[in-house]
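*Asks:* Supplied in structure tokens, the structure appears directly below.
The values are calculated or read from the model by the stated rules, or taken from the named source; none is laboratory data. On a predicted model such as this, the values are computed, not experimentally measured, just so you know. All Cβ positions, glycine included, derive from the backbone under ideal geometry; neighbour counts span all protein chains shown.
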Amino acid sequence: MRFGGLIFDFDGVLLESEWAGNAQIAEFLTRSGHPTSVAESMHHFMGLAGRDFTDAIERWIGRTLPEGFAEARAEEDRRALAEGIAEVVGAVAFVRALPAELPRAVASSSSSLWVRTHLRHLGIEGAFGENVFSGREHVARGKPEPDLYLHAAEAMGVAIGDCAIIEDSPVGVRGALASGATVIGFVGGRHCLDGHEERLRALGVRQIAHDFDEVAALLA
């Protein structure tokens, strides 16, 4: 391992939640009279949270959010928290194989409750200890600003320049690159459709991993 610390995004890197969430958004918007494919939802909304997320949807449909949108999202989140969502292929085995002494953290736009609940579903709740950080809770500015990654590195006691960040979304990649860490663009999730790798490369990502075997090789 040539890095002093490892920072993971969560949704779309460890958990296949990007596909599930964007499928629900696309279905709701289409049913509300705004035809939207899963690919379009991922292109416009993936990686965003809070007001940035709702603003992006309103720009896409050209109006305020349809009635019932927040309730439908909340119901989908409740279902996912209760039932769990599949791992990204190879994610759990990769985390479990990390050297015990290697500092690692999760830096997610999702809530701590979301991340910790799904880590428990995946059986790796203890893998990150206290180092689970939310852009909604732990910093004033979430992604695409670099603050969350800098916060995670400081909490681990590792200089950000000695960290690698595994990110899948353009929003996350922008913040990760701005932080000064080495960024691995991960395109191994179900949501990474044709053109996703090119989008990350266009933002300045030089190292791309199509699965966790390639992540391991880039870290070695």
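*Asks:* One residue is enough: does the range 100-112 have a residue meeting the conditions free of Cβ contacts under 8 Å to residues at least 24 places away in the same chain, in a loop (DSSP other than H, G, I, E, B) and out of contact with any helix residue (DSSP H, G or I) (no Cβ under 7 Å at 6 or more places or on another chain)?
*Replies:* yes
*Asks:* Do the conditions hold for A91, that is, is it surrounded by fewer than 15 Cβ atoms within 10 Å (Cβ to Cβ) and small (G, A, S)?
*Replies:* Spelling it out, it is not the case that A91 is surrounded by fewer than 15 Cβ atoms within 10 Å (Cβ to Cβ) and small (G, A, S).
*Asks:* Go through (1) hydrophobic (A, V, I, L, M, F, W, C); (2) touching a Cys at 6+ places or on another chain (Cβ under 7 Å); (3) within 19 Å of V89 (Cα to Cα) and name the single condition L15 misses.
*Replies:* All conditions are met except number (2).
Residues checked against (1) touching a residue at least 24 places away in the same chain (Cβ under 8 Å); (2) more than 19 Å from G12 (Cα to Cα); (3) not in a helix (DSSP H, G or I):
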{"site": "Y149", "(1), (2), (3)": "yes, no, no"}
{"site": "V173", "(1), (2), (3)": "yes, no, no"}
{"site": "V205", "(1), (2), (3)": "yes, no, yes"}
{"site": "I208", "(1), (2), (3)": "yes, no, yes"}
{"site": "A217", "(1), (2), (3)": "no, yes, no"}
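*Asks:* Residues in the range 27-43 that are under 20 Å from A74 (Cα atoms) and not in a loop (DSSP other than H, G, I, E, B): how many?
*Replies:* Residues flagged as under 20 Å from A74 (Cα atoms) and not in a loop (DSSP other than H, G, I, E, B) within the range 27-43 amount to 8.
*Asks:* Does the range 80-89 contain at least one residue that is in contact with a His (Cβ under 7 Å, 6 or more places away or on another chain) and over 27 Å from F186 (Cα atoms)?
*Replies:* Checking the range 80-89: not a single residue is in contact with a His (Cβ under 7 Å, 6 or more places away or on another chain) and over 27 Å from F186 (Cα atoms).
*Asks:* Which residue out of E145, E154 is of a type in the set (D, E), in a loop (DSSP other than H, G, I, E, B) and more than 17 Å from V13 (Cα to Cα)?
*Replies:* E145
*Asks:* Restricting attention to the range 154-182, which residues are modelled with pLDDT of 95 or more, closer than 26 Å to E197 by Cβ and hydrophobic (A, V, I, L, M, F, W, C)?
*Replies:* Within the range 154-182, I160, C163, A164, I165, I166, V173, A176, L177, A178, A181 qualify.
*Asks:* Only residues that are outside any strand (DSSP E or B) and either closer than 25 Å to A220 by Cα or outside the structural domain of A153 (by TED's automatic domain parsing) (or both): list them for the range 124-138, please.
*Replies:* Answer for the range 124-138, where residues must be outside any strand (DSSP E or B) and either closer than 25 Å to A220 by Cα or outside the structural domain of A153 (by TED's automatic domain parsing) (or both): I124, E125, G126, A127, F128, G129, N131.
*Asks:* Could you list all residues from the range 193-203 that are over 18 Å from the mean Cα position of the chain (by Cα) and either closer than 20 Å to G180 by Cα or in contact (Cβ under 8 Å) with a residue 40 or more places away in the chain (or both)?
*Replies:* Result: A202, single match.
*Asks:* Of all residues in the range 155-196, which are acidic (D, E) and farther than 15 Å from F3 by Cα?
*Replies:* Passing the criteria: E167, D168, D194.
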